[in-house]
1. Of everything in the stretch 129-144, what is touching a residue at least 12 places away in the same chain (Cβ under 8 Å) and either over 21 Å from residue 344 (Cα atoms) or touching a strand residue (DSSP E or B) at 6+ places or on another chain (Cβ under 7 Å) (or both)? Give them in sequence order.
2. Can you name the residue in the stretch 3-23 that is under 22 Å from the mean Cα position of the chain (by Cα) and surrounded by fewer than 21 Cβ atoms within 10 Å (Cβ to Cβ) and is also nearest to residue 118 (Cα to Cα) among such residues?
3. Quick check, is residue 27 closer than 22 Å to residue 126 by Cβ, surrounded by fewer than 15 Cβ atoms within 10 Å (Cβ to Cβ) and either assigned by TED's automatic domain parsing to the domain that holds residue 349 or under 20 Å from the mean Cα position of the chain (by Cα) (or both)?
4. Mind checking whether some residue in the stretch 280-291 is within 15 Å of residue 213 (Cα to Cα) and more than 19 Å from the chain's Cα centre (by Cα)?
5. Quick one: how many residues across the stretch 75-101 are within 17 Å of the chain's Cα centre (by Cα) and on the phi < 0 side of the Ramachandran plot?
6. Report, by residue number, each residue of the stretch 100-149 that is in a helix (DSSP H, G or I) and either within 19 Å of residue 203 (Cα to Cα) or outside the structural domain of residue 14 (by TED's automatic domain parsing) (or both).
7. I'm trying to understand the selection: among the residues of the stretch 151-163, which are surrounded by fewer than 22 Cβ atoms within 10 Å (Cβ to Cβ) and either in contact with a helix residue (DSSP H, G or I) (Cβ under 9 Å, 6 or more places away or on another chain) or under 14 Å from residue 332 (Cα atoms) (or both)?
8. Would the stretch 61-71 turn up any residue that is more than 20 Å from the chain's Cα centre (by Cα), crowded, with 16+ Cβ neighbours inside 10 Å, in the same structural domain as residue 121 (by TED's automatic domain parsing) and within 19 Å of residue 333 (Cβ to Cβ)?
C-alpha cells in the first residue's frame with residue numbers, strides 16, 4: 001500500500017524536495033537553479049514545468065517508485081489571509097497562485113508543482129500553513145491610525161510545527177495548550193498560540209517586533225519619519241531598510257551571527273551590546289505575548305537558526321523562564337513540517353481545509 005509523501009519547498013534560487021514514508025525521511029535533495037537558467041523565464045510561475053522536470057529527474061535518479069507516493073505537499077504561497085492548517089489544492093487556489101493575485105514569490109510554485117505532479121499520479125495535493133496564515137483576534141489588528149490595520153505575516157509553518165511537537169512531548173493536543181513560539185532567523189517573529197490559533201504575532205516583514213540579523217524591527221516612528229524625509233528615501237529604499245539592510249546588517253554589515261559572536265570574543269563591546277539587545281527585544285516580545293494569554297502559558301519555545309546559539313538562548317531564557325518552561329528546537333525543518341501536515345490529513349487526524 002502506498003504511503004510515500006513528496007514534499008516540495010521552492011525558493012528563489014533552489015527547489016528543496018524530500019520523500020517521506022509517513023513522517024520518516026527516505027531522502028531529501030536541494031536542487032540549485034543558476035541565474036542563467038532562471039533568466040530564460042518571464043515570470044516565476046513560468047518556471048514550473050522546468051522545476052517539475054528537475055524534481056521528477058531527481059526522484060528517478062534515486063530509484064524511487066512514484067507509485068509509492070500517496071500525496072504531494074508543497075509550501076504555501078502568497079494567498080489571501082486564511083487560518084492555519086492543511087489545505088487541498090483546488091482550482092481557486094491555483095488561479096490565485098498562477099495569476100499572482102496576492103503577490104509574486106517563489107513559494108507560489110509550491111501548490112502549483114504539488115498539483116501538477118499529484119494530478120499525473122492521481123493522488124491528492126496539499127499546502128500547509130503558508131506565511132499568510134491570519135488568526136489574529138480583531139482587537140489585535142487595531143492601530144492608533146484608522147487607515148492602518150495590523151496584518152499577520154510570520155513563520156507560520158515552522159512556528160506551528162514546533163508547537164505541535166512540544167504538545168506531543170507534553171502528551172497534549174496543540175489545541176489544548178497556550179504556547180509562545182519565537183522563531184529566530186534572518187527575521188524574527190514571536191507568536192501567542194492560544195489553543196491552536198496564533199492570536200497575536202509581530203509582522204516580521206513590515207517593521208514590528210524585535211530587530212533581527214537583517215530586519216529593523218519596531219522603531220521610534222518620529223525619528224524614522226525624520227530619517228526618511230532627510231534622506232529623501234523611496235518606498236523601495238524604505239522596504240530595504242526595514243527588511244534586508246536593517247538589524248545586524250545595519251550595524252556590522254553582516255547577517256551572519258557567527259561573525260558577530262567572533263567580534264564579541266575579540267572584545268568588541270558594541271557587538272556584545274547590540275547582540276544582547278536583540279535577545280532583550282525577543283524576551284520583551286515574549287513577555288507581551290504572555291500578557292495577551294493572560295499569563296496562562298504552558299510553554300515558551302525557541303526555534304529557528306539562531307536557536308543554535310547557546311549564548312543568545314541563555315540571554316532570552318534568563319528573562320522569560322519565569323513565565324513557563326522553555327523548550328529549544330534549533331533550526332527549521334520545513335520539508336518535515338509539510339509532510340507532517342499531509343500525514344495529519346491522510347491519517348484522519350484532521351480534515352483538509354478548502355480554499356474559497
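The values are calculated or read from the model by the stated rules, or taken from the named source; none is laboratory data. Predicted model, so just to flag it, every value in this text is computed and none were measured. As a convention, Cβ positions derive from the backbone with ideal geometry for all residues, glycine included, and neighbour counts pool all protein chains shown.
1. Listed by number, the residues that qualify are 132, 133, 134, 135, 136, 137, 140.
2. Step one: filter the stretch 3-23 for residues under 22 Å from the mean Cα position of the chain (by Cα), giving 5-20, 23.
Subsequent filtering for residues that are surrounded by fewer than 21 Cβ atoms within 10 Å (Cβ to Cβ) retains 11-14, 16, 23.
On the way: 11: 20, 12: 22, 13: 23, 14: 21, 16: 17, 23: 19 Å.
Once the filter is applied, the top-ranked residue is 16.
3. Numbers: closer than 22 Å to residue 126 by Cβ: yes; surrounded by fewer than 15 Cβ atoms within 10 Å (Cβ to Cβ): yes; either assigned by TED's automatic domain parsing to the domain that holds residue 349 or under 20 Å from the mean Cα position of the chain (by Cα) (or both): yes.
It is true that residue 27 is closer than 22 Å to residue 126 by Cβ, surrounded by fewer than 15 Cβ atoms within 10 Å (Cβ to Cβ) and either assigned by TED's automatic domain parsing to the domain that holds residue 349 or under 20 Å from the mean Cα position of the chain (by Cα) (or both).
4. The answer is yes; a qualifying residue exists.
5. Just the residues of the stretch 75-101 that are within 17 Å of the chain's Cα centre (by Cα), to begin with: 75-87.
This time we only want the ones that are on the phi < 0 side of the Ramachandran plot, so: 75-84, 86-87.
Residues flagged as within 17 Å of the chain's Cα centre (by Cα) and on the phi < 0 side of the Ramachandran plot within the stretch 75-101 amount to 12.
6. Result: 138, 139, 140, 141.
7. Going through the stretch 151-163, the residues surrounded by fewer than 22 Cβ atoms within 10 Å (Cβ to Cβ) turn out to be 151, 153.
Correct list: 151 only.
8. yes
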